[in-house]
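What follows is a short report on a single structure.
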Amino acid sequence: MRILYAASEVTPFAKTGGLADVAGALPAALAGLGHDVKVVMPEYNGAKDKPGRYTPRGNINVSLAGVVYPFDVHAGRLPETGVKILFLSNSRLFDRPGLYQEKGKDYPDNLERFAAFSRAILEVPGLLDWHPDVIHCNDWQTALIPAYIKAHFPEDPRFTGTGTLFTVHNLGYQGLFPASEYPKLALPLEFFTPDTLEFYGKVNLLKAGLVFADILTTVSPTYSHEIQTPQFGCGLEGILHERSNDLFGIINGVDYQRWDPAHDPHLGQPYDSRQLQGKRLCRGLLQKASNLPVEEVPLIGMITRLTPQKGVDLVIEVLYELMMLDLQIVILGEGDPDIHVKLNEAMGRYPKKLSVHINFDESLAHLIEAGSDMFLMPSRYEPCGLNQLYSLRYGTVPIVRKTGGLADTIIDATPSNIASGKANGFLFEHASSHELLTTVRLAVKLFHEKDLWLQLIRNGMTADFSWDRSAREYERLYRLAIEKAAEKSKPE
């Protein structure tokens with residue numbers, strides 16, 4: 001199959017979250033199955049400094065509502081995989097310090113930026129004389145692609161029978177804009193109704209993918225069911241329920257070329273499930289890097305967006321009680337300014353037990369995965385989660401809330417699961433600071449039962465969450481999307 005993979009961020013060129021990791025790994029796994037895959041993303045300011053560039057491939061001009069958007073197209077390769085990636089360059093739209101926001105505020109022209117990007121993507125096949133069998137769209141930034149195909153290319157032979165698959169990585173981010181912005185999309189007026197892109201008087205770009213794509217996916221089976229309920233549906237549960245027959249959940253894979261302690265260049269000492277001495281060395285390196293005492297106490301790591309969705313406020317609620325335990329905590333991430341302030345104040349009170357890093361540092365992220373004994377993910381909801389999967393491979397036992405992909409991948413350390421040799425982490429049921437604290441206390445207690453803890457570590461390290469398995473599931477859904485598109489293109 002010829003697969004065009006459209007994403008607003010791709011590791012290592014640009015990243016704010018898990019989408020970038022997926023976009024940097026899934027295409028390579030698909031190529032490994034024999035498919036012809038091309039990735040397309042915006043050329044942000046930071047991408048110019050990354051490896052893998054650059055061959056000029058031409059120019060694209062698209063017009064939306066009378067405004068012409070010129071794009072230069074450059075071709076490169078995803079590092080270490082050889083998969084072709086295409087950068088769409090427009091300095092006015094994308095040459096900025098941030099991807100979607102700056103200093104905590106969204107760019108006011110985000111609708112214009114990603115509408116132009118999505119529309120330009122549909123000119124790439126003609127530029128390359130390469131026409132995809134399926135286009136894989138991701139999140140609100142590329143959700144307009146199926147709508148543009150329907151509106152602008154209904155009988156165009158370049159897209160006749162081209163299937164579209166739309167993946168929701170996080171339903172909480174929908175691309176909401178004032179209704180006054182709708183004309184900038186250059187879509188028909190009948191596309192702005194409660195059944196299409198209108199959402200309580202606003203434009204909802206995510207709905208374009210939910211309504212017009214042939215197949216819908218989320219990044220875990222549990223999350224695909226959760227988002228059809230009022231609790232997790234973010235107001236879109238109705239349309240998701242209507243399309244439940246076209247909605248599937250596929251667990252994200254792990255790029256074990258980048259996330260494997262046996263070959264990780266960010267670590268001071270490699271290790272694997274048979275030789276764990278390097279993990280102890282990594283703990284000491286992490287403690288030094290975090291200005292914490294080098295002690296034999298349980299070390300809990302967190303790498304997360306610092307937002308209530310990730311349950312960081314639950315941690316703050318019981319931080320005093322956590323600091324009374326014999327443990328240390330290292331937190332890496334950025335997000336809500338109020339949470340930044342609270343965590344920095346707490347670090348000032350507990351400098352020997354809490355280290356907070358308000359930024360994103362790739363090397364430190366790898367060291368936290370390797371040097372921590374436990375990894376805390378108290379998310380209110382978590383579509384899939386990748387860090388718990390990284391933690392399993394690094395022998396860092398996850399402590400997670402039972403939701404979304406966390407529920408699908410972590411097997412709770414109950415007595416029966418421990419006895420059967422299946423347990424690989426700790427689960428708590430509700431988004432409750434009390435349950436979080438209780439579960440951390442249990443984990444700290446079991447940490448000192450060395451044989452049991454070693455079994456939890458090895459259960460996680462030997463689990464297989466490679467992309468190959470997930471890629472085969474996407475392969476099946478691509479074929480289903482193509483079948484559905486072909487059916488739609490038949491004359492009535």
Given N residues in the stretch 256-321, what is its alpha carbon radius of gyration divided by 2.2 N^0.38 Å?
1.37
Compute and list, largest first, the equivalent-ellipsoid semi-axes of the stretch 162-249 from the alpha carbon gyration tensor, each √(5λ) rounded to a whole angstrom.
22, 14, 11
Mean separation of Cα contacts under 8 Å, 6 or more apart, over the residue count of the chain: relative contact order %:
14
Cut-off 18 Å (backbone N to label point 7 Å along Cα→Cβ of residue 349), residues of the stretch 280-318
312-318
Descending semi-axes in whole angstrom, ellipsoid equivalent of the stretch 1-147, from the Cα gyration tensor
22, 18, 14
Compute the signed sum of charges (Lys and Arg +1, Asp and Glu -1) over the other residues within less than 11 Å, Cβ to Cβ, of residue 9.
-1
Over the stretch 70-138, consider all pairs of different Cα atoms and compute the Kirkwood hydrodynamic radius from their mean reciprocal separation; express it in Å, one decimal.
13.9
Taking the chain as the region of interest, what is the percent of Cα-Cα pairs per 10 angstrom bin, listed from the shortest bin to the one with the maximum distance?
4, 20, 29, 26, 15, 6, 1, 0
Once the Cα atoms of the stretch 161-320 are picked out, what are the Rg and Dmax in Å?
22.3, 64
Can you give me the P(r) profile for the stretch 277-464? Cα pairs, bins 5 angstrom wide beginning at 0, each as a whole percent.
1, 8, 18, 23, 23, 16, 7, 2, 0
Which pairs break 19 Å Cα to Cα here: 15/184; 15/103; 103/352?
15/184; 103/352
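What number comes out for the charge environment of residue 135, summing +1 per Lys or Arg and -1 per Asp or Glu over other residues with Cβ under 12 Å away?
+1
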Of the cross-linked pairs 84/202; 105/288; 402/450; 105/202, which ones have a Cα-Cα span greater than 27 Å in the structure shown?
84/202; 105/288
Share of antiparallel DSSP beta bridges in the chain, in percent to the nearest 5?
35
What FRET efficiency comes out for residue 291 versus residue 131 if R0 is 60 angstrom and r is the Cβ-Cβ distance? Round to the nearest 0.05.
0.60
Summing Lys, Arg as +1 and Asp, Glu as -1, what charge do residues with Cβ under 10 Å from the Cβ of residue 306 carry, residue 306 excluded?
-1
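Taking 0.36 nm per intervening residue step and subtracting the Cα-Cα distance, what contour gain separates residue 420 from residue 452 on full extension?
Between residue 420 and residue 452, full extension yields an extra 10.3 nm.
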Angle, helix 467-489 long axis vs. longest principal axis of the chain, Cα atoms, 0 to 90°, nearest 10?
20
Where the centroid of each part is defined by its Cα atoms, how far is the stretch 238-290 from the stretch 179-206 in Å?
39
What's the FRET efficiency of residue 338 with residue 63 using the Cβ-Cβ distance as r and R₀ = 56 Å, to the nearest 0.05?
0.85
Near the amide H of residue 58, under 5 Å away, which other amide H atoms are found, from residues 5 or more places off or on another chain, if H is placed in the peptide plane?
73
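Work out the FRET efficiency for residue 180 and residue 321 from their Cβ-Cβ distance, taking R0 = 41 Å, and round it to the nearest 0.05.
The value I calculate is 0.25.
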Leaving out same-chain residues fewer than 8 places away, which aspartates and glutamates sit with a Cα under 15 Å from that of residue 488?
133, 155, 156, 214, 246
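Quick note: the coordinates plus some simple rules give every number you see, no bench work behind them. Since we're looking at a predicted model, the values are computed, not measured. So basically every Cβ, Gly included, is an ideal-geometry build from the backbone, and we count neighbours across all protein chains shown.
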